[in-house]
Amino acid sequence: MAARTSRVLHRSLRETPPKAIGGEGVYLFAEDGRRVLDASGGAAVSCLGHQHPRVIAAMAKQASTLVYAHTAFFSSEPAEALAETLVGHEPGGLAYAYFVSGGSEAIEASIKLSRQYFIERGEPQRQHFIARRQSYHGNTLGALAAGGNAWRRAPYAPLLSGAFSHVTPAFAYHEKHDGESDAQFVSRLAAELEAEFQRLGPDTVAAFLAEPVVGATAGAVTAPDGYFKAVREICDRHGALLILDEVMCGMGRTGTTHAWEQEGIAPDIQAIAKGLGGGYQPIGAMLASGKIIDTIRAGTGAFQHGHTYLAHPLACAAALAVQDVIREDGLLTQVKERGRQLEQRLTERFGNHRHVGDIRGRGLFWAIELVADRASRTSFDPALKLNQKIKAEAFAHGLGCYPGGGTVDGVRGDHVLLAPPYIASADEIDLIVDRLGTAVDNVLRSVN
Ligand code: PLP
């Protein structure tokens with residue numbers, strides 16, 4: 001029988017990770033005495049770092065008053081206040097918030113709300129959803145069906161809804177043709193999306209779903225100028241909804257509260273999660289436009305969905321405190337400034353590196369992509385598991401970063417994602433790049 005070290009079902013069934021026993025600011029402390037600079041906030045979660053005193057105080061206050069009340073009977077002050085903070089000013093027409101426990105639940109709710117909206121509008125034939133390859137929308141079955149990530153989907157393919165199809169993402173490094181301008185690339189992607197609407201029947205499409213800045217699967221991939229305007233126009237012309245997944249890139253990560261603000265468009269439905277609660281509590285949300293909710297209010301009068309922990313008062317109080325700190329401390333400005341510094345340092349350290357093909361990102365959301373050969377953009381053999389090796393080497397040097405890659409939908413590549421807390425100091429940003437540089441060079445020496 002295999003040796004057993006823990007009753008917890010960890011990600012690896014062969015290894016038990018060290019216990020984290022504390023944290024402060026950008027650092028996490030392990031039981032073996034290591035201090036790890038959390039340069040990716042876990043998976044772009046810890047936007048305020050660890051144990052932020054104002055968030056902990058707000059949670060303690062809420063915990064001493066009310067922790068849980070079922071939404072079939074009650075609302076709560078933290079839920080009402082958090083919704084007011086997020087959508088009271090109706091950003092881009094988003095007027096209502098539905099609080100769930102994480103990103104996948106927010107995506108599931110978004111898909112179901114779209115479907116119910118069209119049924120209640122008298123368009124029940126709208127049952128197709130278009131998403132993009134090399135995207136990740138979560139691991140529950142609906143969200144997994146939405147994601148365009150072949151290896152994650154493969155084992156569960158028979159269980160996944162056939163309502164989703166996938167088009168080419170706006171991933172310039174891998175998808176743009178040689179000599180093609182940004183405008184030509186955008187036109188080609190728009191034509192492909194239009195063709196997919198036509199293939200399915202334009203009046204059968206409920207929504208197009210995309211991450212404004214692609215996180216886990218591709219590594220901080222921003223779209224070329226004009227892409228999201230083109231997508232919005234196609235959805236509008238065909239009467240379909242636009243759902244944006246800002247679970248990873250939202251809530252200030254790219255320098256504006258919502259990443260879509262920098263694209264000159266707004267979604268009809270939006271999913272948020274990680275930076276909403278900053279990891280202080282499990283919380284996500286679906287934000288929905290007034291037009292959708294008004295239609296359902298005038299129809300059946302209820303969103304036909306729900307979970308036990310909807311709008312959990314302690315989770316909402318934690319998220320409210322996180323959002324208050326971001327606003328009161330002017331952290332969006334800090335994300336922009338430190339983001340420029342991070343870009344500059346990454347460019348100095350890796351801009352001429354023979355095995356770094358691309359440095360990309362926005363705000364405090366950056367990735368480097370490793371290549372065997374820069375000129376041909378040839379990736380390393382996925383069997384090397386280069387990104388995993390860099391993660392392990394960085395961890396050994398006291399740096400937490402988020403690896404990604406291997407082969408995703410036929411596109412091979414290894415990247416390392418950085419998403420430092422918004423509170424990171426200038427020195428800490430420098431330290432992140434130094435430690436990452438050491439880890440990358442050590443690993444490349446061992447495989448070359
Ligand atoms: N959508 C995106 C863009 C994500 O990055 C993630 C998680 O990484 C999810 C959805 C799923 O969120 P969760 O893991 O909280 O269910």
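The values are calculated or read from the model by the stated rules, or taken from the named source; none is laboratory data. Everything numeric here is computed off the predicted structure, so don't read it as measured data. All Cβ positions, even for glycine, are placed from backbone atoms using ideal geometry, and neighbour counts span all protein chains on display. The area values use the complete protein model at the heavy-atom level, side chains included, leaving out ligands, DNA and RNA. Shrake-Rupley method; radii C 1.70, N 1.55, O 1.52, S 1.80 Å.
Pairs please, first residue from the range 274-292 and polar (S, T, N, Q), second anywhere and open to solvent by less than 20 Å² (accessible area, probe 1.4 Å), Cβ atoms under 6 Å, 6+ apart in sequence or on different chains.
Gln281/Ala315; Gln281/Ala318; Ser289/Leu94; Ser289/Asp268
So which residues in the range 213-251 are outside any loop (DSSP other than H, G, I, E, B), more than 16 Å from the ligand (Cβ to nearest atom) and acidic (Asp, Glu), if there are any at all?
Selection gives Glu233, Asp236.
Just the residues that are in a loop (DSSP other than H, G, I, E, B) and within 16 Å of the ligand (Cβ to nearest atom), please, taken from the range 271-304. If you could, list the steps in order and put the result at the bottom.
Within the range 271-304, the subset in a loop (DSSP other than H, G, I, E, B) is 273, 278-283, 299-304.
Scanning the range 271-304 gives Ala273, Gly278, Gly279, Tyr280, Gln281, Pro282, Ile283.
Suppose we filter Leu48, Leu82, Leu86 for residues that are more than 16 Å from the ligand (Cβ to nearest atom) and either modelled with pLDDT under 95 or part of a loop (DSSP other than H, G, I, E, B) (or both); which single one remains? Walk me through it before giving the result.
Values: Leu82 fails: either modelled with pLDDT under 95 or part of a loop (DSSP other than H, G, I, E, B) (or both); Leu86 fails: either modelled with pLDDT under 95 or part of a loop (DSSP other than H, G, I, E, B) (or both).
Of Leu48, Leu82, Leu86, the one residue that is more than 16 Å from the ligand (Cβ to nearest atom) and either modelled with pLDDT under 95 or part of a loop (DSSP other than H, G, I, E, B) (or both) is Leu48.
Matching residues to (1) farther than 30 Å from Ala218 by Cβ; (2) out of contact with any Pro (no Cβ under 6 Å at 6 or more places or on another chain); (3) aromatic (Phe, Trp, Tyr):
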position: Gly23; (1), (2), (3): no, yes, no
position: Val36; (1), (2), (3): no, yes, no
position: Ala83; (1), (2), (3): yes, yes, no
position: Tyr98; (1), (2), (3): no, yes, yes
position: Ser114; (1), (2), (3): no, yes, no
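Here's the yes/no breakdown for (1) over 19 Å from the mean Cα position of the chain (by Cα); (2) more than 27 Å from Leu370 (Cβ to Cβ):
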position: Leu193; (1), (2): yes, yes
position: Gly201; (1), (2): yes, yes
position: Thr204; (1), (2): yes, yes
position: Gly215; (1), (2): no, no
position: Thr222; (1), (2): no, no
position: Gly226; (1), (2): yes, yes
position: Lys229; (1), (2): yes, yes
position: Ala240; (1), (2): yes, yes
position: Met251; (1), (2): no, yes
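Only one of Asp329, Asp268, Asp294, Asp245 is touching an Asp or Glu at 6+ places or on another chain (Cβ under 9 Å), at pLDDT 95 or above and of a type in the set (Asp, Glu); which? Give the steps one after another, and end with the answer.
Details: Asp329 fails: touching an Asp or Glu at 6+ places or on another chain (Cβ under 9 Å); Asp268 fails: touching an Asp or Glu at 6+ places or on another chain (Cβ under 9 Å); Asp294 fails: touching an Asp or Glu at 6+ places or on another chain (Cβ under 9 Å).
Unique residue meeting the criteria: Asp245.
Being farther than 22 Å from Glu84 by Cβ, modelled with pLDDT under 95 and of a type in the set (A, V, I, L, M) is true for just one of Ala220, Ala210, Ala206, Ala216. Which residue is that? Let's see the steps before the verdict.
Working: Ala220 fails: modelled with pLDDT under 95; Ala210 fails: modelled with pLDDT under 95; Ala206 fails: modelled with pLDDT under 95.
That would be Ala216, the only listed residue that is farther than 22 Å from Glu84 by Cβ, modelled with pLDDT under 95 and of a type in the set (A, V, I, L, M).
Yes or no: Gln198 touching a helix residue (DSSP H, G or I) at 6+ places or on another chain (Cβ under 6 Å) and either more than 26 Å from Ala302 (Cα to Cα) or not in a helix (DSSP H, G or I) (or both)? Break it down into steps so the answer makes sense when it comes.
Working: touching a helix residue (DSSP H, G or I) at 6+ places or on another chain (Cβ under 6 Å): no; either more than 26 Å from Ala302 (Cα to Cα) or not in a helix (DSSP H, G or I) (or both): yes.
In short, no.
For the range 86-104, name all the residues that are open to solvent by 50 Å² or more (accessible area, probe 1.4 Å) and touching a His at 6+ places or on another chain (Cβ under 9 Å). Please lay out each step first, then the result.
Step one: list which residues in the range 86-104 are open to solvent by 50 Å² or more (accessible area, probe 1.4 Å), which gives 89-90, 96.
Passing the criteria: none in range.
Just checking, which of Ala439, Ala424 is touching a His at 6+ places or on another chain (Cβ under 8 Å) and surrounded by 15 or more Cβ atoms within 10 Å (Cβ to Cβ)? Outline the logic, then answer.
On the way: Ala424 fails: touching a His at 6+ places or on another chain (Cβ under 8 Å).
None of the others qualify; the one that does is Ala439.
Residue check, Ala83 against (1) in contact (Cβ under 8 Å) with a residue 24 or more places away in the chain; (2) within 20 Å of Thr308 (Cα to Cα); (3) surrounded by 21 or more Cβ atoms within 10 Å (Cβ to Cβ), all met but one. Which one?
Of everything listed in (1) in contact (Cβ under 8 Å) with a residue 24 or more places away in the chain; (2) within 20 Å of Thr308 (Cα to Cα); (3) surrounded by 21 or more Cβ atoms within 10 Å (Cβ to Cβ), Ala83 misses just condition (1).
Scanning the range 161-174 for residues that are modelled with pLDDT of 95 or more and within 22 Å of Arg199 (Cα to Cα), which turns out most open to solvent (accessible area, probe 1.4 Å)?
His166
Is it the case that the range 309-316 has a residue that's open to solvent by less than 10 Å² (accessible area, probe 1.4 Å), in a loop (DSSP other than H, G, I, E, B) and within 16 Å of the ligand (Cβ to nearest atom)? Working first, answer last.
The first filter runs over the range 309-316 and keeps only residues open to solvent by less than 10 Å² (accessible area, probe 1.4 Å), leaving 313, 315-316.
If we keep only those that are in a loop (DSSP other than H, G, I, E, B) too, we end up with none.
So far as the range 309-316 goes, no, none of its residues is open to solvent by less than 10 Å² (accessible area, probe 1.4 Å), in a loop (DSSP other than H, G, I, E, B) and within 16 Å of the ligand (Cβ to nearest atom).
Would you check which residues across the range 106-158 are within 14 Å of the ligand (Cβ to nearest atom), part of a helix (DSSP H, G or I) and buried (at least 20 other Cβ atoms within 10 Å of the Cβ) and list them?
Across the range 106-158, the qualifying residues are Ala106, Ile107, Glu108, Ala109, Ser110, Ile111, Gly142, Ala143, Leu144, Ala145, Ala146.
Looking only at the range 60-77, decide whether some residue is touching a strand residue (DSSP E or B) at 6+ places or on another chain (Cβ under 6 Å) and open to solvent by 30 Å² or more (accessible area, probe 1.4 Å). I'd like the intermediate steps shown before the answer.
First, the residues of the range 60-77 that are touching a strand residue (DSSP E or B) at 6+ places or on another chain (Cβ under 6 Å): none.
No, that holds for no residue.
Need the failing condition index for Ala392 against (1) surrounded by fewer than 23 Cβ atoms within 10 Å (Cβ to Cβ); (2) touching a residue at least 24 places away in the same chain (Cβ under 8 Å); (3) out of contact with any His (no Cβ under 8 Å at 6 or more places or on another chain); (4) under 15 Å from Val36 (Cβ atoms), just the number.
Every listed condition holds for Ala392 apart from (2).
Would you say Thr256 is farther than 17 Å from Ile111 by Cα and away from the ligand (no atom under 16 Å from the Cβ)? Write out each step before concluding.
Values: farther than 17 Å from Ile111 by Cα: yes; away from the ligand (no atom under 16 Å from the Cβ): yes.
For Thr256, the condition - farther than 17 Å from Ile111 by Cα and away from the ligand (no atom under 16 Å from the Cβ) - is met.
Given the criteria open to solvent by 10 Å² or more (accessible area, probe 1.4 Å) and at negative phi, does His397 qualify?
Yes, satisfied.
Return the residue satisfying two criteria in turn: it lies in the range 347-368 and is out of contact with any Ser or Thr (no Cβ under 8 Å at 6 or more places or on another chain) and of a type in the set (D, E, K, R), and of such residues it is most open to solvent (accessible area, probe 1.4 Å).
Among residues in the range 347-368 that are out of contact with any Ser or Thr (no Cβ under 8 Å at 6 or more places or on another chain) and of a type in the set (D, E, K, R), the one most open to solvent (accessible area, probe 1.4 Å) is Arg354.
This table checks each residue for (1) outside any loop (DSSP other than H, G, I, E, B); (2) open to solvent by 70 Å² or more (accessible area, probe 1.4 Å); (3) aliphatic (A, V, I, L, M); (4) farther than 16 Å from Ala426 by Cα.
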| position | (1), (2), (3), (4) |
| --- | --- |
| Asp324 | yes, no, no, yes |
| Lys336 | yes, yes, no, no |
| Gly339 | yes, no, no, no |
| Leu342 | yes, no, yes, no |
